[in-house]
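Undergrad: Got a structure for you, written out below as structure tokens; questions coming shortly.
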Amino acid sequence: MVNDVKKRTKTASTSSPTKPPVVPLSKEEIYNNVISFEESEESRFKRDHFKECFNELNKIIEDVKALKGLKTDEAKKRIAEKRIQGSMVIVKLKKLNRLDKLRLHGHRETLQKEKLQADSNRLKLQNLIYEANHLKKEINKCFSFKSEDEDIELVPVEEFLEKAPEILKGAETIEDEHTMRKARLQFELQQRKEYSKQCKDLEKDKEDVAEKTVEVKKNLNSIYPCLQEVLKTTRPIQQILNMPFEKEWEIQKLIRLLPQPLYLAYTKLCAYSEVIDKRLSVSIEGDEEEAKIIEMERKQMKDRAASDVEDSDNEVDENDFDEGMNHRKIKRRQSQIENLKQKRLDLFKHHPLSVKFNISMKDIEETFSVILNYLPALGFITVQGKFNIDSNGSVAAADIITQERILSSLYADDFAEGSPNPKTIFQLQNVQLNPNDLDKALNEKKLGKPFKWAQNLCGISFTEHLNIDQSQKLCEETVPDLIRQIRRKLRARISLYNQIKLLENGKIKDKISVRVSCILQLFVSISYPEYCVEICTKRFVQEGIVNPNDVFYRAVITRGSAKLECYICIPSNFPSDYPIFAVDLSWNDFKYNAETSAHTREIENLINNFEVKSNEELLMEQLHRTMTSFDIFLETESSQHENPEFQQEKRHSYGFQGKERSRPYNPKRNLTLFSSGSYN
């Protein structure tokens, strides 16, 4: 077959005509020709060509496999031919692969061009949108532009055409809107000048009337000394007949000026004082002249609706219209700030008159004063207290007799936390104040606290609407019980105050004949956070037995190397609830408290469940019982050691009893022998 090919080639070469000589091509021309050829081939490329080549190659492989099984010379020749055919197919596959890559490269370049074109179009679109939005804003600014004259209230067009001079009412003025506006502004200026002149004339007339009024007042004042002389001559008669008319007249004048809540409280307290409690005195304090002004304003407000009126100048000149926009904005901003400050002042402004009642007791020299203030804008009563007792530098005792301690918790959960009026939250928000800062604002104004019992005392209820009869009934029901509660708390607090003063100096009143061996080393007041961090007090805090309104103390009792720390809580409603003790005992490098020791729990239960007939010296007796229990614990515990540190000084028949091994903390009736169980 190869020889036949050579013969045909030789024959063809001999028979073909003479060809012109071939000019060799450069590398660039060859490369360009190849590229153009591949591009033309790529345009005719189809993916089905891959499939055809693979099918053809598979067929050649199968034929070769079949021919190999024959093992003949003819089969070997055919296998060589098939191998050549297979190589050609592989070459074709390589060509197809290259064409596929060229096609993919071309598509990627086309995609990249399209992406660049899309990004360019998107940027152009964004620029156009931005310009359109900018133009819209500028158009809106033009539409919303307000000139200075727009704030001026001009007379209606009909009135202008009727009253304006003819020189301002030309044909051009009526037809042209801008010219009409200018004419109306000019007419407004002329009118204001005329009104300013009239105002000056009226001011002059007002001054003339004021001069006449002064002359009339002088005449009336000349009569006043004569009337005073008449009253002086009648005073001896008033004293003889015990009829102080002048004093009653003055009081009646003040009573008429009181607002309704304070008026109800004053009348009911006076009635209770005159009929039942002679040791209760009631009075009215404050600025009478200011109260008269408020009363006059109140009467005027009935005749006209309440409205905010801005201050304006009496004279209006042409120069007033030439001020710049910036000046007007600054002035308006300052006016808003001043209005806000004024609203806050008005909100916390109290009535100039207040009701004061003094409570005194038979066997106690000190008196306690309660002052009732009324805040008309907020609509509730605030209370201030004053106790004329000298703490003599006692820091621990001073916390007991503050006005907040005495007046708070007279009734359950009445600590004056927040406002009793639900409207107050929105009123404070309206003047840009935090409702939680109400107590701070009242303290800054020195107005006291809005206790619930004070609202009832003045016949105010925020849960239901009360008429005058219901308010009087509420006030009548509150007065007797309130006075009793204040007196009861005063007695308890004074007694507690005297006890704490002694304890602060390390003194224990030993009414009981049981002698204590331990020493009260320290007795100081502590804060609520300091109380909460102690381990022995956590259960009282978690169970809500104590709260921040209570008073807290720390007592340190020592005997030898042992130390007992007592954390004492005086409830805010003392004497309704007794003081609560939490103890922490340390000895021989051991810590004993209610969390870790049953013996410490037993001591706490004994102290906190301590029952006495009178609470006049309850705290002193509780502390004395604590010290006695501390001695017994140390003596019984030390007796179990080989070298006891503490000798037995308290007589007891046994050291421990029962499964719980309780100690003899309770004294018998003869006070010389101790045992477990209740007090005998």
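The values are calculated or read from the model by the stated rules, or taken from the named source; none is laboratory data. Keep in mind that what you see is a predicted model, and the values were worked out from it rather than measured. Here the Cβ positions follow ideal geometry from the backbone for every residue, glycine too, while neighbour counts run over all protein chains shown. Note: areas computed on protein heavy atoms with side chains; ligands, DNA, RNA excluded. Shrake-Rupley method; radii C 1.70, N 1.55, O 1.52, S 1.80 Å.
Undergrad: Could you work out how much longer the chain between residue 526 and residue 113 gets when fully extended? Use 0.36 nm per residue separation minus the Cα distance between them, nm to one decimal. Please list the in-between numbers first.
TA: Numbers: separation 413, 0.36 × 413 = 148.68 nm, distance 8.11 nm.
Difference between extended and current length: 140.6 nm.
Undergrad: Something else now. Over its Cα atoms, what ratio of radius of gyration to 2.2 N^0.38 Å does the range 600-640 give?
TA: Details: Rg = 11.7 Å, N = 41, 2.2 N^0.38 = 9.0 Å.
Computed over Cα atoms of the range 600-640, the ratio equals 1.29.
Undergrad: To continue, here is another question. As a test question: what accessible area, to the nearest 10 Å², does residue 212 have when a 1.4 Å probe is rolled over all protein chains in place?
TA: Near enough 140 Å² of accessible area.
Undergrad: Restricting attention to the range 52-89, which trypsin sites (Lys or Arg not before Pro) occupy a DSSP loop and are surrounded by at most 11 other Cβ atoms within 10 Å? If you can, show how the numbers build up before the last one.
TA: On the way: sites: 59, 65, 68, 71, 76, 77, 78, 82, 83; in loops: 71.
Within the range 52-89, the qualifying trypsin sites (Lys or Arg not before Pro) (loop, at most 11 other Cβ atoms within 10 Å) are 71.
Undergrad: Using every Cα-Cα pair within the range 424-471, state what percent have a distance larger than 16 Å. Mind dumping the intermediate values first?
TA: Values: 621 of 1128 pairs.
Result for the distance tail: 55 percent.
Undergrad: Turning to a different aspect of this structure: Provide the packing ranking of 371-384, 131-144, i.e. peptides ordered by the mean count of other C-beta atoms within 10 Å per residue, highest first.
TA: Values: 371-384: 21.1, 131-144: 9.4.
Top of the packing list down: 371-384, 131-144.
Undergrad: What are the GluC sites (Glu not before Pro) within the range 359-467 that DSSP puts in a loop, where the Cβ has at most 15 other Cβ atoms within 10 Å?
TA: Values: sites: 365, 366, 404, 417, 444, 464; in loops: 417, 464.
The qualifying sites are 417, 464.
Undergrad: Heads up, I need the accessible area for residue 413: 1.4 angstrom probe, whole protein in place, Å², nearest 10.
TA: My reading of the accessible area for residue 413 is about 120 Å².
Undergrad: For residue 640 and residue 218, compute 0.36 nm times the residue count separating them, minus their Cα-Cα distance, and round to one decimal in nm. Don't skip to the end; give the middle numbers.
TA: Numbers: separation 422, 0.36 × 422 = 151.92 nm, distance 9.90 nm.
Once the chain is fully extended between residue 640 and residue 218, it gains 142.0 nm.
Undergrad: Could you give the nm distance between label points at residue 345 and residue 201, where each point is 7 Å from its Cα heading toward the beta carbon?
TA: Those two pseudo-labels are separated by 3.7 nm.
Undergrad: Can I ask one more? Please state the equivalent ellipsoid semi-axes for the range 385-538: what are the square roots of 5 times the Cα gyration tensor eigenvalues, largest first, in whole Å?
TA: Working: eigenvalues 292, 94, 38 Å².
Values for the range 385-538, descending: 38, 22, 14 Å.
Undergrad: How would 567, 411, 195 rank on accessible area, largest to smallest, probe 1.4 Å? Write out the running numbers ahead of the final one.
TA: Values: 567 10, 411 70, 195 130 Å².
From most exposed to least exposed: 195, 411, 567.
Undergrad: Just how much of residue 475 is accessible, in Å², when a 1.4 Å probe is used and the result is rounded to the nearest 10?
TA: Accessible area, nearest 10 Å²: 0 Å².
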